[in-house]
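The values are calculated or read from the model by the stated rules, or taken from the named source; none is laboratory data. Everything quoted here is computed from the prediction, not taken from an experiment. Cβ atoms come from the backbone with ideal geometry, glycine included; neighbour counts cover every protein chain shown.
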Amino acid sequence: MDGHADDAVPLGRLLIIGGGEDRCCGAGLLERFVELAGSDRARITLVTTATGIPDEVHAEYERVFRKLGVERTRELRLRGRADADGDHAEAILREATGVFFSGGDQSRIRALVGSRTNDVLRQRLDDGLVVAGTSAGATALGRTMILGGEGSEVSAATVRTGPGLGLLPKVLIDMHFAERGRLPRLLSAVALEPDHVGVGIDENTAILVTGSHFEVLGSGVVTVVDAERSTVVHPAGDYDPITLFDVRLHLMPAGCVFDISGREPTIGPAHTRY
């Protein structure tokens with residue numbers, strides 16, 4: 001990864017959406033993405049790797065972005081490692097001012113981890129590139145991504161994780177958070193990797209990462225789980241509950257700011273949700 005230590009925070013901007021973003025009534029989060037990417041001068045690349053219906057997803061987002069004034073939207077359909085390592089993918093990413101990862105199944109994005117595409121994205125964050133992801137495309141942006149898992153207990157069996165794209169190191173992203181009751185899953189993931197900050201993002205809600213801070217945007221809440229100073233005791237079996245003491249939990253609506261390196265939340269100035 002050129003220009004970054006493994007645990008450094010990228011210098012570019014990341015817009016990480018919990019899924020279910022408004023695509024018709026003002027399109028607030030997507031409108032913010034377009035604005036960050038250059039407004040009517042934006043050149044947006046839509047990565048549809050996670051979805052099983054790329055044609056439909058491409059058509060829908062192209063329609064929304066066009067409504068927001070973007071004339072140049074290209075799809076990057078990476079079907080495997082060969083595509084992710086190819087010249088075509090790099091050329092498209094080099095031209096983009098904004099890259100958007102669609103939702104779907106995040107396990108499909110594993111083919112991109114460590115690829116040439118992954119390296120180019122990391123490098124271009126230093127050039128002012130804006131990278132956004134929604135749902136599956138959101139969790140993939142961390143160094144570790146949540147691949148699945150459900151359950152009401154905090155245990156190793158409640159969550160499955162794997163390597164992510166590493167655009168936001170030492171942060172674990174979970175999505176559709178309040179809507180699908182995923183606090184046990186996020187607690188389980190953080191208990192397994194307590195050096196990571198767990199960030200659960202509600203639908204139509206996002207974090208905007210700039211440097212070592214993120215701001216909460218949208219209509220819902222971001223839940224931050226910090227186990228850095230916690231006591232964690234792992235049982236012998238994966239299905240047995242994990243003992244977890246002294247976990248810090250923050251509920252952050254729009255306007256709140258979180259210092260990732262210092263692990264401290266603050267209430268930001270009053271302003272609109274987007």
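Can you confirm whether the stretch 55-71 contains a residue that is of a type outside the set (Val, Ile, Thr), touching a Lys or Arg at 6+ places or on another chain (Cβ under 6 Å) and surrounded by 14 or more Cβ atoms within 10 Å (Cβ to Cβ)?
No - not one qualifying residue is present in the stretch 55-71.
Could you look through the stretch 108-122, keep only residues that are farther than 22 Å from Ile207 by Cβ and either among the polar types (S, T, N, Q) or without any contact (Cβ under 8 Å) to a residue 24 or more places away in the chain (or both), and pick out the one that is surrounded by the most Cβ atoms within 10 Å (Cβ to Cβ)? Before you say what the answer is, go through the steps one by one.
Keep residues of the stretch 108-122 that are farther than 22 Å from Ile207 by Cβ, which gives 108, 110-111, 114-117, 119-120.
Next, only the ones that are either among the polar types (S, T, N, Q) or without any contact (Cβ under 8 Å) to a residue 24 or more places away in the chain (or both) stay: 115, 117.
Numbers: Ser115: 20, Thr117: 26.
Going through the qualifying residues, I end up with Thr117.
Identify all residues within the stretch 237-254 that are surrounded by 15 or more Cβ atoms within 10 Å (Cβ to Cβ) and among the hydrophobic types (A, V, I, L, M, F, W, C); write none if there are none.
Hits for the stretch 237-254 are Ile242, Leu244, Val247, Met252, Ala254.
Can you pull out the residues in the stretch 21-52 that are among the acidic types (Asp, Glu) and either assigned to a loop (DSSP other than H, G, I, E, B) or within 23 Å of Gly104 (Cβ to Cβ) (or both)?
The answer is Glu21, Asp22, Glu31.
Could you list, in sequence order, all residues of the stretch 41-51 that are in contact with an Asp or Glu (Cβ under 7 Å, 6 or more places away or on another chain) and either surrounded by fewer than 21 Cβ atoms within 10 Å (Cβ to Cβ) or modelled with pLDDT under 95 (or both)?
Arg43
Do we have Tyr239 as at pLDDT below 95, in contact with a Leu (Cβ under 6 Å, 6 or more places away or on another chain) and hydroxyl-bearing (Ser, Thr, Tyr) here?
When the stated conditions are applied, Tyr239 does not pass them.
Do the conditions hold for Leu187, that is, is it buried (at least 19 other Cβ atoms within 10 Å of the Cβ) and more than 20 Å from Gly104 (Cα to Cα)?
Answer is yes for this residue.
So, in the stretch 218-230, of the ones that are within 17 Å of Arg263 (Cβ to Cβ) and not acidic (Asp, Glu), which residue ends up surrounded by the most Cβ atoms within 10 Å (Cβ to Cβ)? Break it down stepwise before answering.
Narrowing the stretch 218-230 to residues within 17 Å of Arg263 (Cβ to Cβ): 222-230.
Still in the list and also not acidic (Asp, Glu): 222-225, 227, 229-230.
Working: Val222: 27, Thr223: 21, Val224: 24, Val225: 24, Ala227: 24, Arg229: 11, Ser230: 16.
That would be Val222.
Looking only at residues that are crowded, with 23+ Cβ neighbours inside 10 Å and more than 14 Å from the chain's Cα centre (by Cα) in the stretch 190-217, which one is farthest from Val257 (Cα to Cα)?
Among those residues, the one meeting the criterion is Ala191.
Considering each of Asp55, Asp126 in turn, give the residue that is of a type outside the set (Gly, Ala, Ser), assigned to a helix (DSSP H, G or I) and modelled with pLDDT under 95.
Asp126
Could you list, in sequence order, the residues of the stretch 95-107 that are touching a Gly at 6+ places or on another chain (Cβ under 8 Å), assigned to a helix (DSSP H, G or I) and either of a type in the set (D, E, K, R) or surrounded by 18 or more Cβ atoms within 10 Å (Cβ to Cβ) (or both)? Quick ask: steps written out before the conclusion?
Within the stretch 95-107, the subset touching a Gly at 6+ places or on another chain (Cβ under 8 Å) is 97-98, 100-107.
With the extra rule that they be assigned to a helix (DSSP H, G or I), the set shrinks to 106-107.
The one that is touching a Gly at 6+ places or on another chain (Cβ under 8 Å), assigned to a helix (DSSP H, G or I) and either of a type in the set (D, E, K, R) or surrounded by 18 or more Cβ atoms within 10 Å (Cβ to Cβ) (or both): Gln106.
If we only count strands (runs of 3 or more DSSP E) wholly inside the stretch 186-257, which ones have 3 or more residues that are within 18 Å of Thr139 (Cα to Cα)?
197-201, 205-210, 213-218, 221-226
Those residues that are buried (at least 24 other Cβ atoms within 10 Å of the Cβ) and touching a residue at least 60 places away in the same chain (Cβ under 8 Å), I need them from the stretch 130-156; list them, please.
Those that are buried (at least 24 other Cβ atoms within 10 Å of the Cβ) and touching a residue at least 60 places away in the same chain (Cβ under 8 Å): Val130, Val131, Ala132, Gly133, Thr134, Ser135, Ala136, Gly137, Ala138, Ala140, Leu141.
From the list Gly162, Gly114, Gly137, Gly166, pick out the single residue that is among the small types (Gly, Ala, Ser), part of a strand (DSSP E or B) and touching a strand residue (DSSP E or B) at 6+ places or on another chain (Cβ under 8 Å).
Going through Gly162, Gly114, Gly137, Gly166 in turn, just one is among the small types (Gly, Ala, Ser), part of a strand (DSSP E or B) and touching a strand residue (DSSP E or B) at 6+ places or on another chain (Cβ under 8 Å): Gly162.
Go through (1) modelled with pLDDT of 90 or more; (2) of a type outside the set (A, V, I, L, M); (3) buried (at least 21 other Cβ atoms within 10 Å of the Cβ) for Gly86 and report which single condition fails.
(3)
Which ones in the stretch 175-185 are in contact (Cβ under 8 Å) with a residue 60 or more places away in the chain and either in contact with a Ser or Thr (Cβ under 9 Å, 6 or more places away or on another chain) or outside any loop (DSSP other than H, G, I, E, B) (or both)?
If the condition is that a residue be in contact (Cβ under 8 Å) with a residue 60 or more places away in the chain and either in contact with a Ser or Thr (Cβ under 9 Å, 6 or more places away or on another chain) or outside any loop (DSSP other than H, G, I, E, B) (or both), then Met175, His176, Phe177 are the ones that fit.
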